[in-house]
Structure formats: C-alpha cells, structure tokens
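K.L.:
I'd like to ask some things about the structure below.
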Amino acid sequence: MHDAPSTSHSSVTIRPVLELLTFVAGVAAGALGAMLGIGGGVLLVPLLNAGMGLEFKRAAAVSLVGVLATSASVAAGPPGLRLNTRLALVLLMFSVLGATAGASLIEHLTAGQSELIFGLTAALIATAMIVRLDRRNIIHGFVDTGALGGRVFDEDTQTEVAYRVQRLPVALSVSAGAGMIASIVGVGGGILIVPALNAWCGVPMRVAAATSAFMIGITALPGVIAHGAGGWLGSYELAAAAALGVFAGFRLGSRAGPAAQVRWLKMLMAAVLAGVAVEYLFLKRFL
C-alpha cells in the first residue's frame, strides 16, 4: 500500500531534473553547433544516451528536434555567420535525398548498429580534421570565385579573402551520406558536411560551418518524421527542453565563434568527434 505513492513521487521529482539537465545539455550543444556548424547533435546524443541513460533512438529523436532549433537560430540571423546560400541550396537537394533514405532504415537498425555507425563516422571525420589542421582554404586578392564560391572577411588575417568550391561531386556525395547518417543517429549531418567542405572542397571553415548550419534543419526533417512515426519521439518535454537550450546556446556560440581562431575551432571539433568515437566504439561496447 505504501510502495505506489513513493514510486509516483520519485518520478515526479526526477522528471524536472531530467528536463533541466536536457536544457543545459542543449545549451552546450547549441553553442558548439554555432561555432562548428554541426547542429550540436554530436554532443547532445551522447549526453542524453550515455550521460543520462536515455535509449539511443529516443536520444536521437530528441536531438533532431534540437537540430531544428539550431536551424531556426540561423534563420533568426545571428551575427558573424558566413553563409553561402547558393552552395547550401545545391547541397540540400542531395542531403534531403540521403536523409529520406536514412529515415527508411531507422526501424530496421538496432541501437547497437546505430551506435556503431555513429562511432565510426566520428572517428573518420576526427582523423580528417587533424590531417587538415593547418590548411587554410582562402585566396588573397581579386580572383574569379566561380558560381558557388565567394568572398568573406577573414577574422584571422583581418582582410577580405576569396575561395572557390572544388570537387563539387565530392560535396554532393558527402551531403547525401550526411543526410542518411543524420536520420539514423540524430545529428544534423554537419559532422560530415563541414569537414568535407573544408578539407576536400576548398571552403573556409567558417563558411562551411555557416552553410551547414543553414542546411541541417531541412535535412533533419525526414529523421524527425520517421522517429515520430516509430514512437521514438515520446519525450516531448525533453525535446522542448533540448530545443530551448539549443536555441539559447546557439546565440551564445554565434557570438564567440568569430573571435576564435580557425585552428582552434578545428581542434575543438576533432576533440569532440574523438570523444564520441571512443564512447561508442570502445566504452559502450567493452565496458
């Protein structure tokens, strides 16, 4: 007779704590997403799953709602972004196709398989970021930037610089793959798009980050719909807390990002991805 009230009281007490922790995790993820253009899901999913014990697919569903909040923050026009709209629209056609394909796979993959995909992707991209740590994709002077290139003010050199988009087929292929992974593991796809644009396609880091941040909301939609239809988006309060936290964090990160050196941004991204790789390839599998 005395056990039921105790259990009910415990759940009522714990729930607000989880929502508060999710909000704080969302702030951290949003700040990271603003600086790196990766939506924050790469941080939010491990925090919810490994840190707070939420099932992986439910954590992915909550994270995708946070990704939508990141994209909404970009639409609100925070200062310091170097968005290439033309390039974003071209890449979106492929990322949405990939996201739609990935959404159809969600119910067929186990949590362990999704975690393995997450860990392998993080390890691959962290390696690519370290290899290209000291390479800059900027051209000084007035040159032809091509249809998808552009000119931006470079905070590191305090001058206007130009860039050209190279290896466009690589960017399109990576965007499709990023969309697929975004739906499966609950990230915005920026963990693939940003490093690919920066390392292989000649796009400066800040431009790649802003362009990716613009894309991730639309790319996340098929995954959100699929997770909702599959019953994984049941934690609406947590999703709302994550979205509010991401929105607040994005505003903070978008102000700090322009002041940070590109090299440090790359190191930060590589460190986060390496941590995710260690968590899902080793710690969760062997400990």
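No lab work stands behind these numbers, since they all come straight from the coordinates. On a predicted model such as this, the values are computed, not experimentally measured, just so you know. No Cβ is skipped: glycine too gets one built from the backbone with ideal geometry, and neighbour counts run over all protein chains shown.
K.L.:
Please compute the length gained on full extension between residue 120 and residue 145, using 0.36 nm multiplied by the number of residues separating them and subtracting their Cα-Cα distance.
P.N.:
Numbers: separation 25, 0.36 × 25 = 9.00 nm, distance 3.44 nm.
Full extension from residue 120 to residue 145 adds 5.6 nm.
K.L.:
Continuing with this model, one more query. Roughly how many whole Å is it from the C-alpha centroid of the range 272-286 to that of the range 187-215?
P.N.:
With the range 272-286 and the range 187-215 each reduced to a Cα centre, they are spaced 23 Å.
K.L.:
Still on this structure, please answer the following. Simple spin-label model, 7 Å along Cα-to-Cβ: residue 86 to residue 236 in nm?
P.N.:
The answer from the label model is 4.4 nm.
K.L.:
Using a 10 Å cut-off on Cβ atoms, rank the peptides 122-128, 98-104 from the highest mean neighbour count down.
P.N.:
With the highest mean Cβ count within 10 Å placed first, the list reads 98-104, 122-128.
K.L.:
Along Cα→Cβ, 7 Å out, is where each label goes; now give me the distance between the ones at residue 225 and residue 24 in nm to one decimal.
P.N.:
Result for the modelled spin labels: 3.7 nm.
K.L.:
What FRET efficiency comes out for residue 52 versus residue 170 if R0 is 25 angstrom and r is the Cβ-Cβ distance? Round to the nearest 0.05.
P.N.:
So, using R0 = 25 Å, E works out to roughly 0.10.
K.L.:
Quick check: net charge around residue 286, other residues with Cβ under 15 Å of its Cβ, Lys/Arg +1 and Asp/Glu -1?
P.N.:
Numbers: positive: 284, 285; negative: 115, 279.
Overall, the nearby charge balance is 0.
K.L.:
Mind jotting down the three principal axis lengths of the range 156-205 based on Cα atoms? Whole angstrom, largest first.
P.N.:
Sorted largest first, the three principal extents are 40, 22, 12 Å.
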